[in-house]
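Participant: First the structure, which I've put down as structure tokens, then a few questions once you've had a look.
The values are calculated or read from the model by the stated rules, or taken from the named source; none is laboratory data. Since we're looking at a predicted model, the values are computed, not measured. Because the Cβ atoms are built from the backbone with ideal geometry, glycine has one as well, and the counts that use them run over all protein chains shown.
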Amino acid sequence: NRLTIHGTVEAPTFDGLTPVRTEYQVGDYKRSFAISEEIDQSSIDATVRNGLLTIHLQRRKEAGPKKVTVKAI
């Protein structure tokens, strides 16, 4: 019941230029998240578009919707 994301950041190349500062470190990274048993693991879908990773997690049909009350303080 864990979702693990593993990726690699490669060094950017610039024609005739040397970067002074970069936003991300070069190398491998790994993130792990606990996933509820209410998630249908067979329907997890992930896409990368313009460098943005989007992960869709769907609830199992038997889990049904939940109502959450938000209180203003």
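Participant: Would you be able to say whether some residue in region 6-25 is among the β-branched types (Val, Ile, Thr) and in contact with a Phe, Trp or Tyr (Cβ under 9 Å, 6 or more places away or on another chain)?
Facilitator: Yes, region 6-25 contains a residue that is among the β-branched types (Val, Ile, Thr) and in contact with a Phe, Trp or Tyr (Cβ under 9 Å, 6 or more places away or on another chain).
Participant: In addition: Hey, among the residues in region 22-39 that are among the aliphatic types (A, V, I, L, M) and at pLDDT 90 or above, which one's nearest to Gln58 (Cα to Cα)?
Facilitator: That would be Ile39.
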